[in-house]
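Each remark here refers to the structure printed beneath this line.
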């Protein structure tokens with residue numbers, strides 16, 4: 001399998017999403033044919049399609065696609081376009097990506113190849129990194145975990161160019177949906193490959209067709225923080241993940257393997273080996289869960305397994321309290337609690353460490369109740385740029401530790417690329433405990449101007465048995481251009497921050513003249529800098545791990561996700577006041593204690609723990625249990641309504 005196959009593998013979408021994006025792509029291609037006919041017959045390159053063929057455009061928009069007009073009932077739902085905080089900036093009115101034409105200029109300068117930016121600004125040798133003195137690698141993992149709860153951008157369902165039929169994994173020609181990443185002459189890969197495959201994100205139905213409707217991309221999952229990566233974002237997937245023969249509302253478990261009597265996720269049908277360097281005789285399995293990206297690497301597999309077990313633990317406890325409850329009530333109550341747990345851990349434990357206490361108090365004021373006028377949908381800039389900030393904090397080594405947090409020869413540390421699509425390692429090499437211990441004791445990588453993204457991600461991403469590895473930094477930059485994200489300066493202005501117009505002004509913002517000079521050489525002007533690389537280059541705010549621009553964008557999105565959520569855990573009527581008080585004490589360390597064989601945990605799992613001697617026993621008062629007694633109801637003999 002090629003790296004591009006693996007990239008597609010963990011972006012699998014459900015039937016309803018696939019139907020919609022295929023319709024959208026059919027519409028896109030049909031309108032492109034009409035444009036070509038207009039150009040051929042009129043010998044003009046002007047954009048006359050809406051004026052020349054309005055009846056065709058409207059017909060296809062209405063009959064090929066079910067056009068989604070975003071109204072309040074659909075805010076935050078699956079399969080709607082990302083919201084826009086700024087109008088997109090494409091190369092033309094049709095939604096051609098920024099940088100599609102190498103000769104096209106912005107502020108009188110063309111954009112640099114994204115692979116060149118990655119090589120010049122991001123590339124960091126694996127052994128040339130600094131470690132974060134205060135944060136654990138579990139914080140990095142939690143960011144990706146929550147990202148998979150709120151964002152899934154399906155790529156184009158086609159793998160070949162519509163007009164020429166060229167395979168996007170082999171062609172270096174730009175022809176939708178192929179948007180290959182060019183390899184610069186100075187690149188070490190030059191001579192080995194000419195380009196890196198890249199597929200455009202699927203278009204959303206109706207966008208980019210009618211006048212003044214730009215091309216938009218689709219979020220295939222619900223935007224709310226509600227543990228949808230555990231349960232799925234559709235009724236059909238949620239049902240498929242349940243054990244319907246259980247009287248307790250349990251989730252389905254793996255029937256073939258267990259972790260010393262603790263459960264694993266169910267397996268999908270077996271597939272051929274996915275990783276190079278391992279026995280060709282093996283048949284590897286992918287885990288079946290609420291999000292296809294669970295299989296991406298060992299950290300995701302560990303968290304998915306942990307919360308699958310936590311759901312089943314909760315329903316068993318709730319059943320003991322309320323034996324009269326039906327399986328559906330037990331399932332829904334446990335799912336509701338799981339959503340609250342994720343909201344509490346994210347807003348009260350994760351975000352303050354990312355933003356810093358000062359920025360958190362300033363940008364994330366206390367909750368004042370549900371606001372029906374707040375759109376909780378995910379913003380395009382958040383999905384395609386801002387929430388990818390943690391890619392520069394990923395450590396190149398996956399540490400696995402035995403009991404007592406000691407190195408164990410049976411499951412030694414792994415280079416990051418050996419942990420990708422390696423669910424078999426969990427089953428065969430000690431379960432999820434070694435991975436969780438490694439996340440708890442290992443520090444995050446510290447992001448500095450000279451230490452951005454490790455070569456495991458820029459040179460070995462999805463390294464597989466066939467084809468050249470991908471480059472995560474280049475993919476991030478190309479995705480931002482594919483989505484028409486305006487440049488760095490536009491987003492600084494949007495957030496009320498100063499906009500750099502010169503190298504010296506940029507150097508003052510970044511606190512680093514060398515980095516500012518690199519940007520000037522690459523982009524020609526600070527205005528052209530891609531928003532993702534500009535944002536991650538800003539020095540972190542006090543006590544946080546992001547600069548002013550990322551703090552603004554992240555806080556704006558998470559505040560909308562909170563205030564626009566009708567089922568936010570603090571909203572009056574969602575839980576009782578006593579239930580809220582008990583939920584407030586939830587701890588990720590406690591969840592690890594309750595659902596693994598680990599007996600020693602840190603009081604704060606997101607903070608760096610220097611030594612195993614600083615760990616606490618699971619029975620320590622600072623690792624409290626979640627008391628579910630407020631959920632006990634009197635047995636009236638009547639069946640309770642699920643709602």
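No value in this document is a laboratory result; all are computed from the given coordinates. Note that the structure is predicted; figures quoted are calculated from it, not measured. Cβ placement follows ideal geometry from the backbone for every residue including glycine, while neighbour counts extend to all protein chains displayed.
List the equivalent ellipsoid semi-axes of the chain in whole Å, largest first, each obtained as the square root of 5λ for an eigenvalue λ of the Cα gyration tensor. Can you show the working numbers first?
Values: eigenvalues 310, 172, 129 Å².
Gyration-tensor ellipsoid for the chain: 39, 29, 25 Å.
Let a ≥ b ≥ c be the square roots of the eigenvalues of the Cα gyration tensor of the range 426-575; is it rounded (a/c under 1.5), or, if not, prolate (a/b larger than b/c) or oblate?
Details: a/c = 1.85, a/b = 1.16, b/c = 1.59.
Verdict is oblate for the range 426-575.
Please work out the FRET efficiency for the pair residue 320 and residue 236, using the Cβ-Cβ distance as r and a Förster radius of 30 Å; give the result to the nearest 0.05. Kindly include the intermediate steps, with their values, before the conclusion.
Values: r = 31 Å, r/R0 = 1.02.
For residue 320 and residue 236, the calculated efficiency is 0.50.
In 10 Å bins starting at zero, report the fraction of Cα pairs in the range 62-200 per bin as a rounded %.
Percent of Cα pairs in each bin: 9, 23, 33, 26, 8, 1.
Based on the alpha-carbon set only, what is the convex hull volume of the range 105-180 divided per residue, in Å³? Don't jump to the answer; show the numbers that get you there.
Working: hull volume 15.2 nm³, N = 76.
It comes to 200 Å³ per residue, whole-number rounded.
Which of 30, 105 has the fewest other C-beta atoms within 10 Å, and how do the rest follow up to the most?
Listing 30, 105 from fewest to most nearby Cβ atoms yields 105, 30.
What's the whole-number percent of alpha carbon pairs in the range 148-271 lying beyond 18 angstrom?
So the portion of pairs separated by more than 18 Å is 71 percent.
Taking 0.36 nm per residue of sequence separation and subtracting the Cα-Cα distance, how much length would be gained by fully extending the chain between residue 159 and residue 255, in nm to one decimal?
Details: separation 96, 0.36 × 96 = 34.56 nm, distance 3.51 nm.
The span from residue 159 to residue 255 would gain 31.0 nm if fully extended.
Could you work out the equivalent-ellipsoid semi-axes for the range 532-643, taking the square root of 5 times each eigenvalue of the Cα gyration tensor, largest first, in whole Å? Let's see the in-between values first.
Working: eigenvalues 231, 139, 21 Å².
They are 34, 26, 10 Å, listed from largest to smallest.
Work out, step by step, the length gained on full extension between residue 620 and residue 585: first 0.36 nm times the residue separation, then minus their alpha carbon distance; give nm to one decimal.
Using 0.36 nm per residue and subtracting the Cα-Cα distance, I get 11.2 nm.
How tilted is helix 327-344 with respect to the longest principal axis of the chain? Cα atoms for both, answer in degrees (0 to 90, nearest 10).
70
Run the simple label-point estimate for residue 190 and residue 313 please: 7 Å along Cα→C-beta, distance reported in nm.
Label-label distance for residue 190 and residue 313, simple model: 5.5 nm.
Under a plain spin-label model, where a point goes 7 Å from the Cα along Cα-to-Cβ, how far apart in nm are residue 497 and residue 126?
With each label placed 7 Å out from Cα toward Cβ, I get 3.3 nm.
Would you calculate, for the chain, the mean residue ellipticity at 222 nm contributed by helices, counting each DSSP H stretch of 4 or more residues as -39,500 (n - 2.57) and dividing by all residues, to the nearest 500?
So the calculated ellipticity at 222 nm is -10000 deg cm²/dmol.
Based only on other Cβ atoms within 10 Å, what is the fewest-to-most ordering of 291, 482, 101, 187?
Fewest-to-most ranking of 291, 482, 101, 187: 101, 187, 291, 482.
Which shape class, rounded, prolate or oblate, goes with the range 307-447 when its Cα gyration tensor gives a ≥ b ≥ c as root eigenvalues, a/c under 1.5 marks rounded, and past that a/b bigger than b/c marks prolate?
oblate
Which shape class, rounded, prolate or oblate, goes with the range 417-509 when its Cα gyration tensor gives a ≥ b ≥ c as root eigenvalues, a/c under 1.5 marks rounded, and past that a/b bigger than b/c marks prolate?
prolate
Points 7 angstrom from Cα along the Cβ direction at residue 635 and residue 86: gap in nanometres?
6.2
For the chain, take the longest principal axis of its alpha carbons; what is the angle in degrees between that and the long axis of helix 54-63, to the nearest 10 within 0 to 90?
Helix 54-63 and the main axis of the chain meet at about 20 degrees.
Under 8 Å for C-alpha pairs, at least 6 residues apart: give me the relative contact order for the range 401-529, rounded to a whole percent.
On the way: 108 pairs, mean separation 20.9, N = 129.
Relative contact order, the range 401-529: 16 percent.
Fewest first, what order do 168, 205, 618 take by the number of other Cβ atoms within 10 Å? All intermediate terms of the calculation are to be shown ahead of the outcome.
Values: 168 23, 205 26, 618 17.
With the fewest neighbours first, 168, 205, 618 line up as 618, 168, 205.
With the Cα gyration tensor of the range 78-134 in hand, convert its eigenvalues to equivalent ellipsoid semi-axes via √(5λ) and list them largest first in whole Å. Numbers along the way, then the final one.
Values: eigenvalues 196, 90, 21 Å².
Whole-Å semi-axes of the equivalent ellipsoid: 31, 21, 10.
Using the alpha-carbon atoms, what tilt in degrees (0 to 90, nearest 10) does helix 298-321 show relative to the longest principal axis of the chain?
Approximately 40 degrees, to the nearest ten.
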